[in-house]
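Note sheet for the following structure.
The values are calculated or read from the model by the stated rules, or taken from the named source; none is laboratory data. Every value quoted in this text rests on a predicted model; they were computed, and no experiment measured them. Here the Cβ positions follow ideal geometry from the backbone for every residue, glycine too, while neighbour counts run over all protein chains shown.
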Amino acid sequence: MRSYHLGDLLIGDVIAPAHTLVRSSEMISQQGLDHILLQFYRRGRSRVETAYGTWPVSEIQAIVFDLAQPVRIVADAVDATNVLIPRLLLEQQSCQPDALHGRPLDHDGDPFGRLVHTFVANVAACGDLFDRREAQSASAAIIQLCASWLRGRGEGRTSRNPDVRIRVRRLVEAELGNPELTPGLIATRLGLSRSTLYRLFAPDSVVAYIRDRRLMTAMRMLAREDGSRPVRIGQVAYAVGFTDERTFRRAFKRRFGFVPSSAQRPAETGPHATPGAVLRHWIESL
């Protein structure tokens, strides 16, 4: 597997021997990932089993996986291109992808599907050559193309009720700028007990999760290279829910190892980090 972080999504290639993969309800509840995976086959075949049915997938097709829904995949040796997109970014393009979970889509006979596949494959082929601004532009283009292609293909299925951990994460993202965002507010909004909320985020605390999301959002705001004027540190601190700049600076340095003003030159991922740990961190940072 070769993967690249383009800021708003992950993209890459995977070559795998024959395999069986199972994503269970327990795994979904534990991880709380609210992302859509599109896998474009170049070679190989598989069988995908979901609550909606079972479908054969061929080498001219792409599969849509909703990581918040269970699935079982039995595959021959495959060569494919992967794109992992946060669901919210697709929903902002009026795309409801959860109803497509497990469905194979033809990316060869459909002209627009062929365009999407070609663009995605070309971006993946040179993912390590982009600077940050180019990566962000490519990411935005992929999201728009994928949303346009997937929009309206759900055959009228009703959306499922998201797992409670995903609902908590969505609320946290929506309220990051609110300094009053606390476990009590989350429990009240979602009708949860505090003990349930704390259990969902064990062994880490929900308070630590909120702070980490605030700091990750602040990092992205500071590291943007879109040609706009640099933002003030204080503005970023208040935008992500900190009540004073000094506390924000200390928390930022503890999290990333450098002060906010150095965010244009973020530290590289440690050389001894395992590929799995790096990939998991990337997914959670999207």
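Computed values, structure above
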item: Residue selected from region 91-110 under the condition modelled with pLDDT of 90 or more and out of contact with any helix residue (DSSP H, G or I) (no Cβ under 9 Å at 6 or more places or on another chain), by the criterion farthest from D66 (Cα to Cα); result: P104
item: Meets criteria (surrounded by 14 or more Cβ atoms within 10 Å (Cβ to Cβ) and among the hydrophobic types (A, V, I, L, M, F, W, C)) for I60; result: yes
item: Subset of region 158-177 (residues that are part of a loop (DSSP other than H, G, I, E, B) and modelled with pLDDT under 90); result: T158, S159, R160, N161, P162, D163
item: Residue count for region 41-54, restricted to those that are of a type in the set (A, V, I, L, M, F, W, C) and modelled with pLDDT under 95; result: 1
item: Extreme residue, surrounded by the most Cβ atoms within 10 Å (Cβ to Cβ), among residues of region 6-24 that are under 16 Å from the mean Cα position of the chain (by Cα) and closer than 23 Å to R43 by Cβ; result: I11
item: Which listed residue, of A124, A75, is touching a residue at least 40 places away in the same chain (Cβ under 8 Å), surrounded by 17 or more Cβ atoms within 10 Å (Cβ to Cβ), within 20 Å of Y4 (Cα to Cα) and in contact with a Ser or Thr (Cβ under 7 Å, 6 or more places away or on another chain); result: A124
item: All positions within region 127-142 that are under 10 Å from Y4 (Cβ atoms) and outside any helix (DSSP H, G or I); result: G127, D128, L129, F130
item: Subset tally (residues that are of a type outside the set (A, V, I, L, M, F, W, C) and either touching a Lys or Arg at 6+ places or on another chain (Cβ under 8 Å) or assigned to a helix (DSSP H, G or I) (or both)) for region 178-219; result: 15
